[in-house]
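The values are calculated or read from the model by the stated rules, or taken from the named source; none is laboratory data. Just so we're clear, the structure is a prediction, and the values are computed from it rather than from any experiment. Please note: Cβ atoms are built from the backbone with ideal geometry, for glycine as well, and neighbour counts cover all protein chains shown.
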């Protein structure tokens with residue numbers, strides 16, 4: 001899987017938007033690394049960038065659309081971003097230097113800001129495909145996420161825990177969320193696996209366009225994989241045509257920075273996150289699940305000293 005690593009270095013962002021600026025004398029620059037524009041990271045990144053632009057003195061902020069977790073972490077290591085969204089298993093793999101996961105060497109500059117909301121692995125099939133279980137995907141066309149993305153790492157892990165591999169599929173596509181959905185609308189794919197917050201725009205779009213089935217991922221998969229995976233449920237009514245709860249697995253997301261970011265800036269980025277959750281929730285409902293008491297749970301890398309200062313003030317660290 002070495003192609004995963006080579007796909008990352010030097011990647012040009014899919015899109016960058018400038019959110020706020022205070023002019024040529026800005027002392028701080030914050031580039032927020034997110035994911036595809038049809039996912040959850042991107043709208044939350046825009047919301048977070050606005051919060052920082054409005055509340056940090058002399059700061060200029062920018063939002064960058066990327067291939068999400070794995071690319072974001074490599075960009076942070078290279079100093080090409082100040083804060084990024086990433087899945088917990090990707091963060092752990094980056095710290096370990098897991099080459100198969102897209103990290104040819106340990107990303108030793110990574111530092112933690114906060115644990116935020118969980119990603120739910122959402123496996124959705126066209127109703128006409130007849131797929132209702134993981135085993136039913138055999139011989140089907142499935143998109144497993146963009147190359148070298150956190151979603152694709154999740155897909156490999158889940159299929160492996162189910163005793164399957166990509167070889168069992170009829171066709172494997174490595175596509176971002178929106179492109180996967182478009183192919184399904186055109187009946188060129190049977191299913192898509194998307195690791196995101198509940199109510200992700202891409203699957204909402206799909207469910208309003210064609211009849212879908214949210215495919216069950218049983219609790220036994222989470223038990224096989226172990227931490228940071230856990231059993232979870234996609235509540236009935238999350239998507240059009242999904243009338244009942246569907247078992248799945250979830251994994252925590254984290255906000256991550258790097259060691260070259262100043263202590264004061266990291267402190268402000270952490271503090272403003274928790275002071276503005278209600279505002280951030282207006283960007284996407286997933287932010288409602290961000291809780292201060294869960295911020296340090298399972299953190300797979302060292303905290304940035306600026307973030308640590310905030311948590312000491314809040315009594316979370318003695």
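Tabulated results
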read-out: Hits in the stretch 131-160 - residues which are surrounded by fewer than 20 Cβ atoms within 10 Å (Cβ to Cβ) and under 25 Å from residue 85 (Cβ atoms); value: 147, 156, 157, 160
read-out: Residue within the stretch 73-85 that is within 20 Å of residue 222 (Cα to Cα) and touching a helix residue (DSSP H, G or I) at 6+ places or on another chain (Cβ under 8 Å) present; value: no
read-out: Matching residues, the stretch 131-170, being at pLDDT below 95 and part of a loop (DSSP other than H, G, I, E, B); value: 145, 146, 147, 148, 149
read-out: Some residue of the stretch 60-67 being at pLDDT below 95 and in contact with a helix residue (DSSP H, G or I) (Cβ under 7 Å, 6 or more places away or on another chain); value: yes
read-out: Residue 238 vs. criteria surrounded by fewer than 22 Cβ atoms within 10 Å (Cβ to Cβ) and modelled with pLDDT of 95 or more; value: yes
read-out: Unique match (being in a loop (DSSP other than H, G, I, E, B) and surrounded by fewer than 21 Cβ atoms within 10 Å (Cβ to Cβ)) among 79, 39, 35; value: 79
read-out: Any hit, the stretch 245-258, residues being without any contact (Cβ under 8 Å) to a residue 40 or more places away in the chain and more than 21 Å from the chain's Cα centre (by Cα); value: yes
read-out: Qualifying position, being touching a residue at least 12 places away in the same chain (Cβ under 8 Å), on the phi > 0 side of the Ramachandran plot and surrounded by 14 or more Cβ atoms within 10 Å (Cβ to Cβ), among 298, 306; value: 298
read-out: Selection from the stretch 42-71 of residues that are in a loop (DSSP other than H, G, I, E, B), in contact with a strand residue (DSSP E or B) (Cβ under 8 Å, 6 or more places away or on another chain) and under 20 Å from residue 89 (Cα atoms); value: 66, 68
read-out: Single match in 204, 187, 230 (criterion: within 30 Å of residue 269 (Cβ to Cβ) and touching a helix residue (DSSP H, G or I) at 6+ places or on another chain (Cβ under 9 Å)); value: 230
read-out: Test result for residue 178, touching a helix residue (DSSP H, G or I) at 6+ places or on another chain (Cβ under 6 Å) and surrounded by fewer than 21 Cβ atoms within 10 Å (Cβ to Cβ); value: yes
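Condition check ((1) in a strand (DSSP E or B); (2) farther than 25 Å from residue 75 by Cα; (3) under 17 Å from the mean Cα position of the chain (by Cα); (4) free of Cβ contacts under 8 Å to residues at least 24 places away in the same chain) across all residues:
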site	(1), (2), (3), (4)
172	yes, yes, no, no
184	no, yes, no, no
208	no, yes, no, no
213	yes, yes, no, no
223	no, yes, no, yes
